[in-house]
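The values are calculated or read from the model by the stated rules, or taken from the named source; none is laboratory data. Keep in mind the model is a prediction, meaning the values are calculated, not measured. Neighbour counts are summed over all protein chains in view; Cβ atoms, including those assigned to glycine, are modelled from backbone coordinates with ideal geometry. Heavy atoms of the whole protein, side chains included, go into the accessibility calculation; ligands, DNA and RNA do not. Shrake-Rupley method; radii C 1.70, N 1.55, O 1.52, S 1.80 Å.
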Amino acid sequence: MCALNISEPSKKENIIVIGLPGSGKTRVIQSLPSTFSQTVVEMPSASNRVDLLSDVQVWCVIDIRSFFYLPQDAWLESELKKMVQQADGIVFSFVEGASLEIQMAWSKWVTAHADGVPIVRWLNQMFPKEWAGFPCLKRGGRKIHRVAPLHLQAFHFELGRISLEHLLFGLDSSKQNLGMKLLRVTGVLNTLEYSNLVAIEGSALRWDTFAAVPNAVAGALTIQGIGLERTWLEELVQAAKV
């Protein structure tokens, strides 16, 4: 895939978007300028290994608001290394929420593991106005073997009122102290701490909570990850109920 010039004939080429769960892949795709007439596909979290031809471009999205917490996140770092090493371009997402220190850490990390791969910064959920896509990379017509995406388990819970503090503490302890591979937590909750409904959006490297959108339906929580034990998660959720 080459960046299209408006004066060029219209043509369709694929863009494959990859990244850790919760990195912003869907939003990045939705924010692409209208000048992109290519087919853009987010790599699903569960699919077969794919072999992509050399004229297909792969973008890796990295949420740079948080960095790895080592050694607990060593396996996550290993997964992201595989992704950036197959990428033709890297999108730094949620730049507005990242400190300069963490931005520098991510820049150094990419240089160490994918030196020469171009980077674009996605600021305030928008690409730079002058940006027209990543440059073409000449691969000599060879076939590129891509690493399969992560295969995630998903557990769904119906909840009444809960203590948000207890829920987040339990999730964080499970990840940091027990080494559980929690990668995505989403839901809208009725909490002890707030009068309004709270949306939770946990990703591979962080937990975020914010006021839910008007008319949101509360009571559903989805936890995704690898090698998870449903019994433990049920106990964790039960302990947060009030």
Practice problem: From (1) open to solvent by 50 Å² or more (accessible area, probe 1.4 Å); (2) more than 30 Å from D88 (Cβ to Cβ); (3) at pLDDT below 95, pick out the condition that doesn't hold for H166. | Solution: (3)
Exercise. Collect the residues in region 201-226 that are of a type outside the set (S, T, Y), assigned to a loop (DSSP other than H, G, I, E, B) and open to solvent by less than 60 Å² (accessible area, probe 1.4 Å), keeping them in residue-number order.
Key: A204, L205, R206, A212, A216, A218, G219
Quiz item: In region 87-120, what count of residues is obtained for those that are of a type in the set (D, E, K, R) and in contact with a Pro (Cβ under 7 Å, 6 or more places away or on another chain)?
Solution: 0
Quiz item: Residues E201, E158: which one is acidic (D, E) and either touching a Gly at 6+ places or on another chain (Cβ under 6 Å) or more than 28 Å from A74 (Cβ to Cβ) (or both)?
Solution: E158
Quiz item: Quick one: how many residues across region 177-186 are closer than 15 Å to G227 by Cα, open to solvent by 40 Å² or more (accessible area, probe 1.4 Å) and not in a strand (DSSP E or B)?
Solution: 2
Quiz item: Looking at Q125, Q86, which one is open to solvent by 10 Å² or more (accessible area, probe 1.4 Å) and in contact with a helix residue (DSSP H, G or I) (Cβ under 7 Å, 6 or more places away or on another chain)?
Solution: Q125
